[in-house]
Amino acid sequence: MTSKKPVIALAQIKYFDLNRAHNTQKIIKYIKIAKRAGADIVCFPESCLTKKGTLPINHKIINRIREECKKQSIWAIITEDIFFKGKPYNAALLINRKGKIKGWYQKINLFGDKVNPGRLVKVFKTDFGKIGMAICWDVSFPKLFKKMKDAGAEIVFCPSQWWYEAKAHDSIKKRKEREFHLLESLIMTRAFENLFFVALCNPVQDSEHQISYSAIASPHKILKRIVNKEGLITAEINLNEIGKLQKIYQ
């Protein structure tokens, strides 16, 4: 059996601290950090590009990030509201090592998003494994992840900007702590029930309702996590574990 052990990275970044209008400099910085850390791919949080609203897919910010992926020879996932055929979607773009857009996923399960819902579940073949993409609230929908599993996904990346509703918690003091546990339980459940890896990435924002939590989960445990601070986490994952676990559980 050929060893398949890619290194994946999540960049839990602060928004709009280097530039008030966009995060281009921050994203470029973390692409370089991820490359130095030996990562094959780096995923950024949801809505990570700009404050200026919906972008065309050929916008200069996206093109600059594509250039850096080519320069560093690394894959990346970036997410923003993007126009497709004149209609806005919350979309995650997958950029390959040559700086080309390999494909995209349009968020299906909206939560207050003022865009069109996507319809298609997609899995992409990369040079390190097969990956699926979901966005934020999508992580609450097991059927979406099952469809990615059926399509051959080995890793699912979930760029997120997870906010919680204070009224959903009866304890003011413990509501953020409870939401951390809820979100972690969701990604652990998605990983275990499908026997693949799940990587969820949030931003760091100065908001009482923002959950700044990012983690990489195997079917059995959290491999890496980062909470309430900016930074990059990486994990070498063994994709051969998937086949071994399938023999046990399926």
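The values are calculated or read from the model by the stated rules, or taken from the named source; none is laboratory data. Predicted model, so just to flag it, every value in this text is computed and none were measured. Cβ: placed from backbone, ideal geometry, glycine included. Neighbour counts: every protein chain shown. Side chains are part of the model used for accessible areas, which takes the heavy atoms of the whole protein and leaves out ligands, DNA and RNA. Shrake-Rupley method; radii C 1.70, N 1.55, O 1.52, S 1.80 Å.
Taking the condition outside any loop (DSSP other than H, G, I, E, B), open to solvent by less than 50 Å² (accessible area, probe 1.4 Å) and free of Cβ contacts under 8 Å to residues at least 60 places away in the same chain, does L10 pass? Answer is no for this residue. When N63 is tested against the conditions (1) polar (S, T, N, Q); (2) touching a residue at least 24 places away in the same chain (Cβ under 8 Å); (3) part of a helix (DSSP H, G or I), the lone failure is (2). A single member of D40, D17 is of a type outside the set (S, T, Y) and within 17 Å of L200 (Cα to Cα), and it is D40. The test for being modelled with pLDDT under 95, under 16 Å from the mean Cα position of the chain (by Cα) and over 24 Å from N238 (Cβ atoms) does not hold for W104.
Within the range 65-80, track down each residue that is charged (D, E, K, R) and open to solvent by 40 Å² or more (accessible area, probe 1.4 Å). Please lay out each step first, then the result.
Filtering the range 65-80 down to residues charged (D, E, K, R) leaves 66-68, 70-71, 80.
The answer is R66, E67, K70, K71.
Residues that are open to solvent by 100 Å² or more (accessible area, probe 1.4 Å) and either among the hydroxyl-bearing types (S, T, Y) or farther than 19 Å from Y30 by Cβ (or both) within the range 222-250 comprise K244, K247, I248, Y249, Q250, listed in sequence order.
Pairing each residue of the range 105-122 that is open to solvent by less than 60 Å² (accessible area, probe 1.4 Å) and of a type in the set (V, I, T) with any residue that is modelled with pLDDT of 95 or more and in a loop (DSSP other than H, G, I, E, B), provided the two are 6+ apart or on different chains, yields C-beta distances under 6 Å for I108/P117; I108/G118.
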